[in-house]
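Report on the structure given below.
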Amino acid sequence: MNTKTMVFGMLTIGISTFGFAQQQADSLKVEQLDEVVITDSKFKLKRENSGKVITKITQKELENLQGKSVADIINNTAGIEINGSRSNAGQNLNYFVRGGRNRQVLILIDGIAVTDASQIANDYDLRLLNVDQVESIEILKGASSTLYGTGAASAVINIKLKKATKDALAVNLRSTLGTNQSQEDSDYAIENILNSVSINGTLDKFTYLASFSHQYTDGLSAVSVGEDPDVFNSHNGYLKLGYQFSDNFKLNTYTSYDKFKAEFDDGFGFVDADYLSTTSQYRIGVSPEFSYKNGSITLNAAYNNIERDIQSNFPTQFNAESFVGDIYNRYNFSDKFYTVLGVNVQQSEIESFSIPFGGTDFAQDINSDDASFAIVDPYANVVYVSAFGLNVNAGLRLNNHSEYGNHLVYSLNPSFKKDLSFGYLKGLVSYSTAFIAPSLYQLFEPSYGNTDLKPEENRTIEVGAEINIKDRATVSVVYFNRLEEQFVDFVDLGNFVFQYTNIDEDFTASGIELVADVAITKKLKFLVNGTYTKVEEDLNLRIPEIKVNAAFNYQLNDKTFMSLNYQYNDDREDSFFNSTTFASEIVNLKSFSLVDFYISHKVVNNRMTIFANMNNILNEDYEELFGYTTRGRNINVGFNLSL
């Protein structure tokens, strides 16, 4: 029996980690339950009545993952591989979900889509977000463009930021010190420092939250042959204000500023270089909500400005602006029939500058007067929850794009739940379509852009089953099949001419996700998930065929918590540009296994939590990306103090 078969055979069929509702009540209360999800319908629905594949990472679980980044945490979810999260802190991140890529994953912050028009894939960079600001994370896999529009093809990651407490004044301080070394180092110097502070509270009808965080990471070179460390330095500021004008109307506003500087090396020749990438983001948003009998009207509107500066042998600058407005009406006709009607509007523009070969001054490459587009999407979604176990979630969206015209997407997701004496049994089927609008870079870059591009189309089929044993276990299995059409590729047209083009060939990614959540005793819980992903050869770079995550969580007493985590990644193929032959070559990256340990203990009347974790205990030597450095055995210690 080979390694792949052995590892996959150890899995128990299961379901995603349990989710628990936030303490703040939703203005439109569909069900008063502890275990709810919202991303699949924009309603708070009982998780067992959802026919979607959703993982929820709660605040309690995040508290047991202190010292990890947002990308590290999401990377333990079934069906997801965030490549680069185990490398140098400044390493670019690639989101591989069910065999997809960055442009097929949509990230939401507090329900509002966040994208970066300055990126080739229009994707949001998770390095901009500090985990200390996060309240919870919901991950909805599958095509979800009917509710969320462009980019929601393989997954939607909904990140909910923290809210103000009900106290008049609350202060939270968190600090982490740790090492940041490769497998070859053993000096355990303090080279990873994370600090955050937040002040929040409620004064009658007024709520406020202000937070600031900082990370400084040193010690690792970006490339494996590098001798000089590449520093990562980030700052995050966030301010959120809210006011409850009446029982029926409330308003939340927020602003945030995020900036990071990441030193990096020459990835083509894999040599040490004195390069620097700087990204700054400014966001401002408003979210009023009006409630009426059996319904509510919500507006989520945000303006986002991103500036990127890349200092290298080919200096470039990008400035991008985007506006997102999503207004929707939620109405429940009864306890069984819920509807959402909405309109989503997006407007984006980009400009870029570079220094021509042999020149000294920046010249404009992309002009924002030309490089812009607008999207207006009306959409509808309905949820039916019957008394006899049948549940249906269906949606429709008409995408109107200023560059390529109209595009229709839809979804149908029936599920059936049978209540049993020991729990329940559920089966689900889903057929959904999605689209990925071409990015501004792909449309308007003067050398490679193509204004005739059409949106990529995705179709996803899911079939699954779930069984729940009350207070003991929830287990499930899901099969997925995803078809990609009108794929946008960077094509060699001959004579050293390249262009972004829709290609005629279709691609298919399919697989099985197995997940289990088992309470062995009242204090000991076993969590395991595994994914088998089959991707066609042209698209399988850096995607493991088999990936397994497992954890034993032990609550020793009301003050002490311990966790032992394991991750297995199958061997993968990667490509690199050979600067000698001037051609791309394929290389195999061997499989690897990582073991981590975490412990926390509450002191000072439970107001302070001290914690420590050791990552890659066995000091596994492996590669995420060919030629780049990965982290070896590292230790982090810290505290979280609430006043």
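Give the relative contact order (percent, whole number) for the range 164-258; include only Cα pairs under 8 Å separated by 6+ residues.
22 percent
Work out the length of the dipole vector of the chain about its Cα centre, built from +1 on the beta-carbon of each Lys and Arg and -1 on the beta-carbon of each Asp and Glu, and round it to the nearest 20 debye.
I would put it at about 3860 debye.
What number comes out for accessible area per residue over the range 133-238 if the probe is 1.4 Å? Units Å², please.
Per residue, the range 133-238 has 37 Å² of solvent-accessible surface.
Give the aspartates and glutamates reachable from K417 as a straight Cα distance under 19 Å; neighbours fewer than 8 places away on the same chain don't count.
Here the aspartates and glutamates satisfying the reach criterion relative to K417 are E31, D34, E35, D40, E48, D335, E462, E466, D471, D517.
Show me the trypsin sites (Lys or Arg not before Pro) within the range 510-581 that DSSP assigns to loop and that have at most 13 other Cβ atoms within 10 Å of their Cβ.
Of the trypsin sites (Lys or Arg not before Pro), the ones in loops of the range 510-581 whose Cβ has at most 13 other Cβ atoms within 10 Å are K522, K523, K559.
Once the Cα atoms of the range 225-308 are picked out, what are the Rg and Dmax in Å?
So, for the range 225-308, Rg and Dmax equal 21.0, 65 Å respectively.
Listed here are the pairs K56/K522; K44/K470; K240/K559; K42/K454; K162/K259; K60/K162; which of them are more than 24 Å apart at the Cα?
K240/K559; K42/K454
With an 8 Å cut-off on Cα pairs and a minimum separation of 6 or more residues, tell me the relative contact order of the chain in percent.
14 percent
Tell me, what is the FRET efficiency for E135 and N605 to the nearest 0.05, using R0 = 30 angstrom and their Cβ-Cβ distance as r?
For E135 and N605, the calculated efficiency is 0.80.
Just to be sure I understand: of the beta bridges DSSP finds with both ends in the range 197-345, what percent are antiparallel, rounded to 5?
Here the antiparallel bridges make up roughly 100 percent for the range 197-345.
Over the chain, what percent of the accessible surface lies on carbon and sulfur atoms, probe 1.4 Å?
Exposed carbon and sulfur together represent 57 percent of the surface.
Kindly report the accessible area of the range 389-442 per residue (heavy atoms of protein chains, probe 1.4 Å, no ligands, DNA or RNA), in Å².
38 Å²
Summing -39500 (n - 2.57) over the DSSP H runs of n ≥ 4 in the chain and dividing by its residue number, what mean residue ellipticity at 222 nm do you reach, to the nearest 500 deg cm²/dmol?
-1000 deg cm²/dmol
Compute and list, largest first, the equivalent-ellipsoid semi-axes of the range 525-643 from the alpha carbon gyration tensor, each √(5λ) rounded to a whole angstrom.
For the range 525-643, the ellipsoid semi-axes come out as 38, 17, 11 Å.
Using DSSP to define loop residues, name the trypsin sites (Lys or Arg not before Pro) in the range 167-249 whose beta-carbon has at most 16 other beta-carbon atoms within 10 Å.
When the trypsin sites (Lys or Arg not before Pro) of the range 167-249 are filtered for loop state and at most 16 Cβ neighbours within 10 Å, K205 remain.
Using a 10 angstrom Cβ neighbour count of at most 10 plus a DSSP loop assignment to flag exposed chymotrypsin sites (Phe, Trp or Tyr not before Pro), which longest range of the chain is free of such sites?
Longest stretch, sites excluded: 1-356.
Given the chain, report the % of alpha carbon pairs whose separation exceeds 41 Å.
Percent of Cα pairs beyond 41 Å in the chain: 23.
Looking at the range 54-177 from every direction and averaging, what is the projected area of its Cα convex hull in nm²?
Reported value for the Cα convex hull: 8.6 nm².
Could you order L589, L493, L276 by accessible surface area, starting with the largest, using a probe radius of 1.4 Å?
Largest accessible area first, the residues go L493, L276, L589.
Looking at the range 478-542, which GluC sites (Glu not before Pro) are DSSP coil and have at most 14 other C-beta atoms within 10 Å of their C-beta?
Those that pass, being in a loop and sparsely packed, are E505, E536.
For K56, K470, write out the residues from largest to smallest accessible area, computed with a 1.4 angstrom probe and no ligands counted.
Heavy-atom accessible area, descending, gives K470, K56.
The values are calculated or read from the model by the stated rules, or taken from the named source; none is laboratory data. Computed from a predicted model, the values in this text were never measured in an experiment. Heads up, the Cβs are rebuilt from the backbone with ideal geometry, glycines too, and the neighbour counts pull from every protein chain shown. With ligands, DNA and RNA removed, areas are computed over all heavy atoms of the protein, side chains included. Shrake-Rupley method; radii C 1.70, N 1.55, O 1.52, S 1.80 Å.
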